[in-house]
């Protein structure tokens, strides 16, 4: 099997440099693991190896990843504190002229304490990702912003393996340790060992261990104006669990100790671990979800000419054709609701126009309570999905205040919906200020359109 070739596209536009991206040390599963080239080694219990297992991360369909990091940080040798971070991803593959295209989003959550899982979570960034696996095995990442950060890892041999077999393979990590928006590709050579099969949460899995060292010396040219590091040294020990039935990566634990050095001699060291969990998902059926939302927003009851209630096992999935009811048209929403519903790459989005707050405040006016009741009823029609609530303001020249206000309003809407019976841990929220206008800010009509809250039912 030919070695897969990674095409690392580094986008260094001014926009990217200004954008705060958290991709440093993110041990996201590579969705397209590499195979060994003939020159790369494989050793171990190979004598008389007529039986064994083939390792590969197959075409597992849509799935989600959750990565949780717990690191200690040291600046110039002095302990600075703990870093807690979470990244969530939802990836969906599709075929396109013989190539396999992966699309999704990486949602980077703000640093939080470990016992806040039951609360709504603030979002630091939402990063769209698209990459293509060509027929020849090469991979191209569109508008590369560092996700997935591991490319060609984990890698599996072309031949069957038995417990104790070892092999090595090359890969690449995209790193940005201080979130400066400038990704640096760091080559790695990982050494793997197959440990055999076991049960993980009652599921048969293959266990693989991998170790690799970080040895990177970029030189002065790697640090224009001191924006990024010039060297990195460290080690990673990784435990990997693949589901036996289809090769889906279920869990990976990366224990790391890594030090970055800048041109002036300053250093930042991270020690700790990153846990990554994967699970298969049923793709969001946008047409059915939009129909359910339309029914709920029109106060229609499930059944009849409305949408059927979804089951917990198949959120957003279409019912069999023989039992599928007539679905209400999404355009039938009452105009006075000021709610737009539309499919978007991330899932399905509700845009709440003309939400009335006390000026320069996150306090909703009393007349909005009925509309929030309506929205909560609509979201309850789509169980087992996460919601991203995003606040937007008009841009009138007060950038910092606009950003703060939009965040507070997004958080307030999240709290109001949770108070109406939707579990808080299904919500994430983000404020964008006036950075994502949908109309001109030169007149009041345009500014009114830009003042909005968007709720996305995530893929």
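Quick rundown of the values:
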{"read-out": "Counted residues, the stretch 108-158 - those being modelled with pLDDT under 65 and on the phi > 0 side of the Ramachandran plot", "value": "1"}
{"read-out": "Candidate set from the stretch 69-81 (those that are more than 22 Å from the chain's Cα centre (by Cα) and surrounded by 14 or more Cβ atoms within 10 Å (Cβ to Cβ)); member that is farthest from residue 104 (Cα to Cα)", "value": "74"}
{"read-out": "The stretch 369-380, residues that are without any contact (Cβ under 8 Å) to a residue 60 or more places away in the chain and surrounded by fewer than 17 Cβ atoms within 10 Å (Cβ to Cβ)", "value": "369, 370, 373"}
{"read-out": "Unique residue being surrounded by 19 or more Cβ atoms within 10 Å (Cβ to Cβ), modelled with pLDDT under 90 and either within 25 Å of the chain's Cα centre (by Cα) or assigned by TED's automatic domain parsing to the domain that holds residue 384 (or both) when the list is 249, 302", "value": "249"}
{"read-out": "Unique residue being in the same structural domain as residue 90 (by TED's automatic domain parsing), under 17 Å from residue 89 (Cβ atoms) and either out of contact with any strand residue (DSSP E or B) (no Cβ under 6 Å at 6 or more places or on another chain) or not in a loop (DSSP other than H, G, I, E, B) (or both) when the list is 172, 129", "value": "129"}
{"read-out": "Hits in the stretch 212-232 (condition: at pLDDT 90 or above and within 25 Å of the chain's Cα centre (by Cα))", "value": "212"}
{"read-out": "Candidates 445, 410, filtered to the one that is more than 29 Å from the chain's Cα centre (by Cα), assigned to a helix (DSSP H, G or I) and over 28 Å from residue 280 (Cα atoms)", "value": "445"}
{"read-out": "Qualifying position, being assigned to a helix (DSSP H, G or I) and within 19 Å of residue 338 (Cα to Cα), among 355, 417, 405", "value": "417"}
{"read-out": "Yes/no for residue 382 being under 21 Å from residue 420 (Cβ atoms), under 28 Å from the mean Cα position of the chain (by Cα) and in a loop (DSSP other than H, G, I, E, B)", "value": "yes"}
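For every residue, the table says whether it meets (1) in contact with a helix residue (DSSP H, G or I) (Cβ under 9 Å, 6 or more places away or on another chain); (2) without any contact (Cβ under 8 Å) to a residue 12 or more places away in the chain; (3) in the same structural domain as residue 62 (by TED's automatic domain parsing).
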position	(1), (2), (3)
352	yes, no, no
362	yes, no, no
366	no, yes, no
382	yes, no, no
402	no, no, no
417	yes, no, no
435	yes, no, no
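The values are calculated or read from the model by the stated rules, or taken from the named source; none is laboratory data. In this text, all values refer to a predicted model and were calculated from it rather than measured experimentally. A quick note on method: Cβ atoms are made from the backbone with ideal geometry, for glycine too, and the neighbour counts reach across all protein chains shown.
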